[in-house]
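Chemist: There's a structure below that I have some questions on.
The values are calculated or read from the model by the stated rules, or taken from the named source; none is laboratory data. Predicted, not measured: the structure shown is a model, and the values here were computed from it. Note: ideal-geometry Cβ built from the backbone for every residue, glycine included; neighbour counts use all protein chains shown. Accessible surface is based on the protein model in full, side chains and every heavy atom, while ligands, DNA and RNA are left aside. Shrake-Rupley method; radii C 1.70, N 1.55, O 1.52, S 1.80 Å.
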Amino acid sequence: LPGYDPGLIKADSKGLTPVPLAPGAIATILPCANCAADQFGDQSNAFNGPYPVPTTMSNVEVLVDGVPSPLYYVGAPIPPGNPTGQINFIIPNRARTSGSADLEVVQVSTGQVLGATQLPMNSVAPAAFSYPQGQTGTTVYAAVVNQDGTVNGPNNPALPGQAVSLYVTGQGYVPGAPPDGVPATAAIPAPVAITVFLNGTDVNSPSYGESNIEHVLYSGLNQSPGMWQINVQIPASVTTPTWFAVVANGVANWNANSGFKTY
């Protein structure tokens with residue numbers, strides 16, 4: 001924009017491709033392609049508590065249509081060695097759900113706009129988080145917790161018939177949600193209707209032989225701001241490893257047949 005520093009490249013939690021975002025989604029901002037790695041400054045800070053998640057960090061704030069966004073991280077690239085810095089932030093819960101929002105990164109002490117762009121928006125933007133202990137090979141494993149509260153993984157698989165919690169983001173506007181950056185202290189369901197696919201098949205499909213059971217047990221906020229928790233009972237006939245996809249309002253976190261895997 002005239003008079004501004006170069007614009008931003010924006011990305012959601014799945015990767016580095018600009019995509020529409022939604023209220024409540026956790027997202028990443030990267031410097032523009034021809035900008036310096038320290039476009040947003042050279043101080044690195046991450047949110048380590050206590051709540052609420054701050055809207056100012058490293059002398060930087062992110063505004064979505066003028067509303068300050070909670071910041072999880074500002075600074076050096078993750079992982080180290082990337083040629084760019086980044087900002088991880090939460091889209092405000094009351095952000096618009098269509099069209100484009102004005103996104104600005106501002107230096108708090110001076111008011112200087114460090115970058116600006118138009119951010120395409122949608123009512124939902126489902127995106128899964130990856131397995132927290134890292135990936136092996138080309139298969140992308142998801143962040144999933146088993147019924148006993150332990151992290152799903154190659155040495156700790158879930159069993160058919162058990163329930164698992166999928167950790168995603170982008171659930172869209174949630175009525176009754178706490179203020180931006182404040183954790184929910186009780187279950188708050190997200191209003192958007194969802195379909196969960198395992199191995200490309202709806203978990204509630206009669207083909208699993210359990211059509212009288214609702215397998216999506218919960219879809220809504222959890223105690224981490226920006227996190228969308230989906231609890232799913234695995235049909236007894238599901239094989240492992242299992243591809244999963246979440247579809248909300250026709251938007252999927254990934255292709256239903258080649259998405260994130262669980263163990």
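Chemist: Report in % the part of the accessible area of the chain that belongs to carbon and sulfur, leaving out ligands and nucleic acids; probe 1.4 Å.
Modeler: The nonpolar share, carbon plus sulfur, comes to 53 percent.
Chemist: Once both labels are modelled 7 Å past Cα along the beta-carbon direction, what's the Asn59-Thr240 spacing in nm?
Modeler: Calculated label separation equals 5.1 nm.
Chemist: Moving on to the next point. Taking N as the number of residues in the chain, what is its alpha-carbon radius of gyration divided by 2.2 N^0.38 Å?
Modeler: 1.04
Chemist: About the Cα centre of the chain, what is the dipole size in debye to 20, counting +1 per Lys and Arg Cβ and -1 per Asp and Glu Cβ, all else neutral?
Modeler: My answer is approximately 280 debye.
Chemist: Projecting each Cα onto the charge dipole of the chain (Lys/Arg +1, Asp/Glu -1 at the beta carbon, about the Cα centre), which of Ala37, Ala143, Thr239 comes out farthest on the positive side?
Modeler: Going by the charge dipole, the pick is Thr239.
Chemist: If you don't mind, there's one more thing I want to ask. Given Cα pairs under 8 Å that are at least 6 residues apart, what percent is the relative contact order of the chain?
Modeler: This gives 19 percent for the chain.
Chemist: Got a sec? Charge dipole of the chain, +1 on Cβ for Lys and Arg, -1 for Asp and Glu; which of Asn155, Val74, Ser58 is way out at the positive end?
Modeler: So the residue we want is Asn155.
Chemist: Would you please put 167-173, 228-234 in order of how densely packed they are, using the mean number of other Cβ atoms within 10 angstrom per residue and starting with the highest?
Modeler: With the highest mean Cβ count within 10 Å placed first, the list reads 167-173, 228-234.
Chemist: So what are the ³J(HN,Hα) numbers for segment 182-195, from phi and the Karplus equation (6.51, -1.76, 1.60; θ = phi - 60°), rounded to whole Hz, Gly and Pro as x?
Modeler: After applying 6.51 cos²θ - 1.76 cosθ + 1.60, I find 9, x, 6, 9, 8, 5, 10, x, 7, x, 5, 6, 10, 10 Hz.
Chemist: What does the highest-first list of 19-30, 55-66, 117-128 look like by mean Cβ count within 10 Å?
Modeler: 19-30, 117-128, 55-66
Chemist: May I pose another question? Sort 41-48, 190-197 by the packing proxy (mean of other Cβ within 10 Å over each peptide's residues), most packed first.
Modeler: The peptides rank, most packed first, as 190-197, 41-48.
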